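The values are calculated or read from the model by the stated rules, or taken from the named source; none is laboratory data. As the structure is a prediction and not an experimental result, all values here were calculated from the model. With ideal geometry, Cβ positions are generated from the backbone for all residues, glycine too; neighbour counts draw on all protein chains shown. For accessibility, only protein heavy atoms count, side chains too; no ligands or nucleic acids. Shrake-Rupley method; radii C 1.70, N 1.55, O 1.52, S 1.80 Å.
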Amino acid sequence: REKDDKHKTWMPKFLMAKEDKDQRKSSGGTERNIFKVKKSNAEKSKKMEKEEKFFRETFMYDKEINVINTATAECSVPSKRRVDLPVTAGERLDIIDVTEGNAVICRNSEGRYGYVLVEHLNFR
């Protein structure tokens with residue numbers, strides 16, 4: 001009996017009968033969803049486009065959006081105005097543009113834009 005188990009022929013999954021595949025799916029419990037990641041990326045890019053459109057209208061920004069530099073926030077700062085970007089300590093920000101004062105226009109990982117004071121950023 002052990003001899004028969006040892007020499008059992010191996011058959012690739014794609015050559016298995018359809019009934020065997022169905023049985024394997026039902027015994028496996030949950031079915032994997034391959035397209036879930038693509039859906040979340042599509043939702044994220046749609047949200048980022050919406051944020052960019054809002055940024056362009058609010059800031060009257062008609063230049064091309066280029067990342068000048070990246071920085072990390074040294075401390076958490078809530079936003080006082082709608083145009084300010086709330087940041088948390090350790091958050092990575094993309095610097096988009098420099099203003100005349102001591103603030104820069106930044107973008108966070110969620111795609112939101114706003115002003116952040118230079119004194120709250122670490123450029124290392």
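What is the number of the single condition among (1) over 24 Å from residue 120 (Cα atoms); (2) surrounded by 11 or more Cβ atoms within 10 Å (Cβ to Cβ); (3) touching a helix residue (DSSP H, G or I) at 6+ places or on another chain (Cβ under 9 Å) that residue 49 does not meet? It is condition (3) that residue 49 fails.
From the list 104, 116, the lone residue that is over 26 Å from residue 41 (Cα atoms) and in contact (Cβ under 8 Å) with a residue 40 or more places away in the chain is 116.
Looking only at region 68-86, residues that are in a strand (DSSP E or B) and closer than 22 Å to residue 57 by Cα come to 1 in all.
Scanning region 44-57 for residues that are over 10 Å from the mean Cα position of the chain (by Cα) and of a type in the set (D, E, K, R) yields 46, 47, 49, 50, 51, 52, 53, 56, 57. Scanning region 87-124 for residues that are open to solvent by 30 Å² or more (accessible area, probe 1.4 Å), in contact with a Lys or Arg (Cβ under 8 Å, 6 or more places away or on another chain) and part of a loop (DSSP other than H, G, I, E, B) returns 109, 110.
Of the residues making up region 21-28, none is surrounded by 10 or more Cβ atoms within 10 Å (Cβ to Cβ), at pLDDT 80 or above and in a helix (DSSP H, G or I).
Quickly run through region 105-124 and pick out the residues that are out of contact with any helix residue (DSSP H, G or I) (no Cβ under 6 Å at 6 or more places or on another chain) and closer than 21 Å to residue 64 by Cα. Answer for region 105-124, where residues must be out of contact with any helix residue (DSSP H, G or I) (no Cβ under 6 Å at 6 or more places or on another chain) and closer than 21 Å to residue 64 by Cα: 105, 106, 107, 108, 109, 110, 114, 115, 116.
With respect to the conditions (1) modelled with pLDDT of 90 or more; (2) open to solvent by less than 70 Å² (accessible area, probe 1.4 Å), residue 66 falls short on a single one, namely (2).
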